[in-house]
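Heads up: the structure comes next, in structure tokens.
What follows draws every value from the coordinates through simple rules; no lab data is involved. Here the structure is a predicted model, which is why all the values come from computation and not from measurement. Note that we place each Cβ from the backbone using ideal geometry, even for glycine, and neighbour counts take in every protein chain shown.
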Amino acid sequence: MGVLQLSIPPDFPLPIPGNLTLLQFLIVLTFVLHIIFVNFTLSFATGAVILEASAMKTHSRRLDDMARICSLHASIHKSIAVVLGVAPLLIISVIYTQYFYTSTLLIGKAWLSLIILLITAFLLLYVYKFSWEKWENKKGLHFLVGFAAMLILLFVPLIFIVNVVSMLYPEKWSGANGFFHSLLHYPQIWQRYAHFILASLATGGFYMYLYFSVKQRKQTLSDVEQSLKLGGVKVAFWITLLQLVFGSLLLISFDRNIMLLFMGDDALLTALLLLSVFLTILLCALLYVVSKNDRPSMFYASLLCFVLIVGVMGWMRHEVRESYLKPYINEYPRTIEMKKENIKPVNKQ
Amino acid sequence: MNFPTVEFPWFGNGNIVAIIAIIHVLISHGVAIGATALVVSSEYYAIVTKNEKLDQLAKQLTKWILIITTTVGAMTGVGIWFSTTVIQPDSIGSLLRIFFWAWVAEWVVFVLEVVFLLIYYYTWETWKEGKAKRKHLNVGIMLAVFSWLTMSIITGILAAKLTPGRWVETLSFWNAFFNPTYLPSLGFRTFLSIMLAIALFTIFVRLFVKDEEVRMPLLRIFSIWGAISLPATVVLGIWYLQSIPDQAAKLIVWSTGLPEKTFDVLNMIAFALIIVFLFWLAIRPKKLPIFLSLAVFMSAIGFIGEFEVVRESIRKPYIIYNYMYVNGITAVKAEEMNRDGYLAHSTVAKIKKVTEKNKVEAGREIYQGQCLACHTIDGWRSKRALANRLKGWPQQSIESFIPTMHQVRPMMPPFVGTKEEVEALAAYLYKVANEEK
Ligand code: HEM
């Protein structure tokens, strides 16, 4: 590995199996679904570990119960996160083959290590959840199990981010040397990571608010559940405020010509960015109101606002990729039509 | 060689995919499909016979199905894909283009399968009586159906790699999907899954389920399923064998690496073992020997390993039969490469033209592009380690071997490239075979 020139391979002779616009719509849709469940998994695993640590420190039964509920949700959502990840993987492999395969192979061993890392993390999450009561007297060990799962889950996104970022920079491929080197070699990586981690925490908090609001309609919430709900709102509020800063950091880490697309050069992208900022501020306002005085009408307003934000984010993220790749795709076009003369069977001698 | 190569010099690139695939087949067939059918049958039987303890055992087993399939099962499934991307990007990339919509359907079914599994396990205690319990059982049945459906889709893709049938001429998706080995292999896998689940789970039931009120009915369910599945597996297996290409069928014994006699004896012993086991299970379940259950457990794992290795190996030299070789080269590419040179058409090759000075380095690149998929230089599998195989060969012999390698060893694809490239590869191989280590 190492010294490739501008090594974008020609596309396969087999054509892309469907309408490109449809596939692009589907990749945005399924990616958003995937990442939301990843957000849940990551924030509940982290939340459970932090809450359990504080419970141990303060000998608080309540915090421990809150942690346990988080761990239950983490292990359920991780199963869904994984299966939902398959759809964007399918589509990205098919419509960005030349870029995505190269970026994957450049970190081939790290990519394969995902299998072991995720199996380990998921098994640890099950141990963590199913041994909560049994290991009442082995709290230290129990905590360590959760902590280890959390560390793995915080590391894994870096592999994905390196992959999807490096596919945007073909002219940097020749200088890249494996996964760890790539972490510093490509721009954007840490800004994306920060943006993603914060988004996870906020999404997790928001989920707690939604989940227990729904539950509240059927039964009164226990004290613990009430704390989770309001705690969730607070986390979502503060982290989303912070996100205004980190989102901007991400924006300025883009190549200048791409950044400027969002700042007036392209009307659609500029409008999307403004809309997302506006929606974010609106969501913060709604969450603020909820934290002071919880009203049912806020539930739908904030849910709608949240869904719109995530949709706009997913769309913008796609446009970033398209903008970066546009010059290359013009030069190394995709195979759109079936040309039989390029797909001949092997003639046996 | 259009993508960067990743090399596992000791383990061997092909073996990485194989090991992940074997684990995945064990779990997807044995646990996700087979065990689910057994567990749902047990729940049904528990309802009919009002056996509360059996119901609880079914729940316990479901918990293990949940844990195993959503961790090792799911991740090795995705893992086969991850590893083929890293090791055979051209092949998996092409398959995705051909079968994209089948994979989309597979994904939808798979998502539903996971959702059913989560509902099935987590509502066990809440949907407990009367109508709710019926509903719960129905979710279980849907789960069993959907896990089978995922297999019925993926089998179309897998079978097409060996027998793409009319696809190579028509390039029609449906011809590729409903290919000549589709139905036999799907039928075979279906009943194999149930046999596998019985073989894998009996030992645990024997060891850990002490209460006879639960163990007896459960083993009874196993033996009924076994009585249906074993004959079905055998009959469908024979049909499957009959429908694969002759060239591939000839490679079966060879691909296990065993002498023919040993191969026959081992397979006969395993078969006899499973028959004795099933009769024992049906007739004297109370006295089922631990040793026998363990032997069946081990043979089942061995058989799946054999099945996977054979299935992957008999396809050689192709990865998609009659279309693409294991090293990603197709007929059209071979033509261009024989004309202009292999390296000239390899995006990531650093050397585009062989000269006297860069010969050995060029040879290394050609080796990585054309041979790495099946060979190592050194490595534990000595038959595939070229430094070992070529020890003592003069450079001249290597040079004359390469252009004929697909005739001498039909499981190898033909070499593609120019005469200078043959020389370069030979120079490189000669060097590594004669290096002092
Ligand atoms: C094996 C299961 C998984 C699969 C198949 C999968 C698939 C994918 C795919 C295809 C993308 C790129 C989508 C695109 O660029 O359009 C992606 C992005 C990502 N995934 Fe997953 N994923 C899986 C599990 C996870 C897990 C467990 C985590 C975190 C703990 C995770 C975190 C991420 C992150 C952070 C990104 C990139 C977000 C960004 O671009 O900023 N994924 N995943």
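Judged by the gyration tensor of its Cα atoms, with axes a ≥ b ≥ c, the protein assembly as shown is oblate; a/c meets the 1.5 cut and b/c is at least as large as a/b. Our coupling estimate for the range B:390-403, obtained by passing each phi through the Karplus curve with A = 6.51, B = -1.76, C = 1.60 and θ = phi - 60°, is 9, 4, x, 6, x, 4, 4, 5, 4, 4, 7, 5, 3, x Hz, Gly and Pro reported as x.
Backbone N atoms of the range B:259-299 closer than 11 Å to the 7 Å Cα→Cβ label point of residue B:211 are not found in any residue. Label residue B:380 and residue A:330 with points 7 Å out from Cα along Cα→Cβ: what is the distance between them in nm? It is 5.2 nm. Take the Cβ atoms of residue B:172 and residue A:58, set R0 to 51 Å, and the FRET efficiency comes out at 0.15. Between the helical axis of B:130-162 and the longest alpha-carbon principal axis of chain B there is an angle of about 20 degrees. Using a ≥ b ≥ c from the Cα gyration tensor of the range B:13-324 (square roots of the eigenvalues), is it rounded, prolate or oblate, where a/c under 1.5 gives rounded and otherwise the larger of a/b and b/c decides, a/b for prolate? It comes out oblate by the Cα gyration axes. Structure note, pairs A:292/B:131; A:78/A:218; A:109/A:134; A:57/A:215: Cα-Cα distances above 32 angstrom occur for A:292/B:131; A:109/A:134. Rounded to the nearest 20 debye, the dipole size of the range B:333-434 about its Cα centre is 360 debye, using +1 on the Cβ of Lys and Arg and -1 on the Cβ of Asp and Glu.
The charge dipole of chain A, taken about its Cα centre with unit charges on the Cβ atoms of Lys, Arg (+1), Asp and Glu (-1) only, comes to about 780 debye. The calculated FRET efficiency for residue A:271 paired with residue A:181, based on their beta-carbon distance and R0 = 45 Å, is about 0.75. For the residues of B:315-324, the average number of beta carbons from a partner chain within 10 Å of their own beta carbon is 2.
Summary of packing: across the peptides B:228-234, B:136-142, the per-residue average of other C-beta atoms within 10 Å ranks them, highest first, as B:136-142, B:228-234.
With both labels modelled 7 Å from their Cα along Cα-to-Cβ, the residue B:397 to residue A:154 distance reads 6.0 nm. Applying both filters, DSSP loop and at most 15 other Cβ atoms within 10 Å, to the GluC sites (Glu not before Pro) of the range B:360-436 gives B:435, B:436. Per-residue mean of foreign Cβ neighbours for B:66-79 is 6 (Cβ atoms of other chains, 10 Å radius). Amide H contacts under 5 Å for residue B:319: B:324, B:325, B:326, restricted to partners 5 or more places along the chain or on a different chain, H placed in the peptide plane at 1.01 Å from N. Report, to the nearest 10°, how far helix A:296-331 tilts away from the longest principal axis of the Cα atoms in chain A, using its own Cα long axis and a range of 0 to 90°. So the inclination is approximately 20 degrees. Quick one: grab the alpha carbon gyration tensor of chain A, order the square roots of its eigenvalues as a ≥ b ≥ c, and give me rounded if a/c is under 1.5, else prolate or oblate depending on whether a/b is larger than b/c. Judged from the Cα gyration tensor, chain A comes out prolate (a/c at least 1.5, a/b above b/c).
For chain B, the longest principal axis of the Cα atoms and the long axis of helix B:419-434 meet at an angle of about 70 degrees. For the range B:1-85, the set of trypsin sites (Lys or Arg not before Pro) satisfying both a DSSP loop assignment and a count of at most 16 other C-beta atoms within 10 Å is given as B:50. Extension gain, residue B:126 to residue B:227, is 32.9 nm, computed as 0.36 nm per intervening residue step minus the present C-alpha separation. With θ taken as phi - 60° and the Karplus curve 6.51 cos²θ - 1.76 cosθ + 1.60 applied, the whole-hertz 3J(HN,Hα) list for the range B:240-257 is 4, 4, 5, 8, 8, x, 4, 4, 6, 4, 5, 8, 4, 5, 4, 5, 7, x Hz, x standing for glycine and proline. Could you tell me the center-to-center distance, by alpha carbons, between the range B:146-213 and the range B:220-240 in angstrom? First find each Cα centre; the distance between them is then 13 Å. Label-to-label distance, residue A:22 versus residue B:282, with points set 7 angstrom from Cα along the beta-carbon direction: 5.0 nm. Scoring B:171-179, B:190-198 by mean Cβ neighbours within 10 Å over their residues and listing the highest first yields B:190-198, B:171-179.
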